[in-house]
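Encoded as structure tokens, the structure appears first; notes follow it.
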Amino acid sequence: MEALIRALPKLLSAAGDNEEVAEAATRIAWRRAAGEPLCQHAVPFRLYHTTLIVAVSDAIWQKQMSALSGQLLSRLNGMLGQKTITFIEFRIDPKTVEAERAPRQSIAGRESTESVLRSVPDELMLAASSIQDERLRRRFLRAAGANIRRGQTQGEEPGAI
């Protein structure tokens, strides 16, 4: 996972303004920046331009996460290697948080890798080709494909995380 985090700036740079790459990279960076305990109560919902919208369990978590937003913003942009996110908005959405808390059996784990990879857009595949480590490249693409698929099954618009 550490190698994937180190590869994020290069991927974003190679992808240019590709929103899907930015979304996948942001979701990966969020898990590392927030850490597992916070991810149980705060889930990235959408990247809208440069605003990361994060669903939180309740008003208490909204207040706590808002207090941490400066640190999280710094960590996220540091991992992404550029100022991809300028603001984090915390919205109370317990259903989204609960869905994330459910036993985490990823789409990639339930379906074949090839099936998940078919949902990855060509632009993302091209950007990922800059990852020299084959195993790391496949892990990134599986994670991106699973995120895209999950967005499609939840009825999210393209470009939303």
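Every number here is computed from the coordinates shown, using simple stated rules; none is lab data. From a predicted model like this one, the values you see are computed outputs, not experimental measurements.
Taken one residue at a time, the phi angles of the stretch 88-94 give Karplus couplings (6.51, -1.76, 1.60, θ = phi - 60°) of 10, 9, 9, 10, 6, 8, x Hz. Gly and Pro are set to x. Its alpha carbons considered, the stretch 1-105 gives a radius of gyration followed by a Dmax of 13.2, 39 Å.
Backbone amide hydrogens, once placed in the peptide plane, bring residue 42 within less than 5 Å of nothing, excluding anything fewer than 5 places away on its chain.
Excluding same-chain neighbours fewer than eight residues apart, the lysines reachable from residue 10 by a Cα-Cα span under 18 Å are 83.
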